[in-house]
Amino acid sequence: MTKQTISVLVEDEAGVLTRIAGLFARRGFNIESLAVGPAEQSGVSRITMVVPGDEKIVEQLIKQLYKLISVLKVQDISQQPCVERELMLIKINANASNRAEVIQVAQIFRARVVDLSEEALTLEVVGDPGKIVAIIQMLTKFGIREIARTGKIALVRESKVNTEYLKSLEAKVTL
């Protein structure tokens with residue numbers, strides 16, 4: 001099943017997120033990722049959600065979301081060129097014997113060391129969701145102690161340039 005990204009602008013008032021989560025729960029839909037924060041306009045928040053399903057399911061969810069009083073704008077941005085980011089803190093087993101290797105992996109992914117002890121290292125990783133998954137895969141062999149992730153945030157690219165398309169062109173050039 002594909003993952004769809006929905007961006008929702010809501011009035012910044014108590015209970016809005018609860019009503020939206022309740023709507024999803026009543027309909028039996030899972031929210032895989034959820035990020036909420038102030039938007040560009042005072043008194044408005046942006047909610048970015050990633051939900052499993054196809055376009056038909058998202059279309060139904062959008063209609064349901066518009067029925068909620070505090071919802072101002074809903075956008076399915078799944079197929080639009082977007083800038084996507086996620087923040088993750090990840091605590092890794094890192095003793096004297098493997099610390100240099102863990103730091104080397106962190107440098108490759110442009111992660112920052114934000115805490116260090118004799119037996120562990122905590123990294124801050126910012127990037128698109130694919131980068132987050134890739135660094136987790138690389139660090140698993142050291143032993144992951146804890147992970148905290150923000151969930152994906154996204155904005156539609158004004159340039160309308162599809163970065164996936166650019167990546168595919170870049171890959172062809174390097175082959």
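Key figures for this structure:
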read-out	value
Spin-label zone in the stretch 1-32 - amide nitrogen under 15 Å from a point set 7 Å from the Cα of ASP128 along the C-beta vector	5
Sparsely packed trypsin sites (Lys or Arg not before Pro) within the stretch 65-170, loop by DSSP, other Cβ within 10 Å at most 15	LYS67, ARG110, ARG157, LYS160
Pairwise label distance in nanometres, GLN80 with ALA21, each label 7 Å out on the Cα-Cβ vector	2.6
Angle between the chain longest axis and helix 55-66 axis [Cα atoms, degrees, rounded to 10]	60
Distance in nm between pseudo-label sites at MET1 and ASN98 (7 Å out along the Cβ direction from Cα)	3.5
Alpha carbon centroid spacing (whole Å) that separates the stretch 85-159 from the stretch 36-52	25
Relative contact order [Cα under 8 Å, 6+ residues apart], the stretch 99-166, whole percent	23
On Cα atoms only, tilt of 163-174 relative to the major axis of the chain in degrees	40
Sum of side-chain charges, THR150 neighbourhood, beta-carbon under 9 Å (Lys, Arg +1; Asp, Glu -1)	+2
For the stretch 98-103, 3J(HN,Hα) per residue [Karplus equation, 6.51 cos²θ - 1.76 cosθ + 1.60, θ = phi - 60°, Hz, x = Gly/Pro]	10, 4, 4, 5, 5, 5
Structure-based [θ]222 nm, the chain - -39500 (n - 2.57) summed over DSSP H runs of at least 4, per residue, nearest 500	-10000 deg cm²/dmol
Loop-located GluC sites (Glu not before Pro) in the stretch 1-70 whose Cβ has at most 14 other Cβ within 10 Å (DSSP)	GLU13, GLU32, GLU40
Ascending count of other beta-carbon atoms within 10 Å, so fewest first, for MET1, MET138, MET49	MET1, MET138, MET49
Flagged links, alpha-carbon separation over 30 Å, of LYS3/LYS67; LYS67/LYS152; LYS67/LYS91; LYS91/LYS152; LYS91/LYS160; LYS63/LYS91	LYS67/LYS91; LYS91/LYS160; LYS63/LYS91
Cross-link partners of LYS131 among aspartates and glutamates (Cα-Cα below 20 Å; sequence separation of 8 or more within a chain)	GLU32, GLU84, GLU86, GLU101, GLU146, GLU164, GLU170
Debye log10 I(q)/I(0) at q = 0.14 Å⁻¹ for the chain, Cα point scatterers	-0.87
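Values quoted throughout were computed directly from the atomic coordinates according to the rules given, and no laboratory measurement underlies them. The model shown is predicted, which means the values in this text are computed figures rather than measured ones. Reconstructed Cβ throughout: ideal geometry from the backbone, glycine too, with neighbour counts over all protein chains shown.
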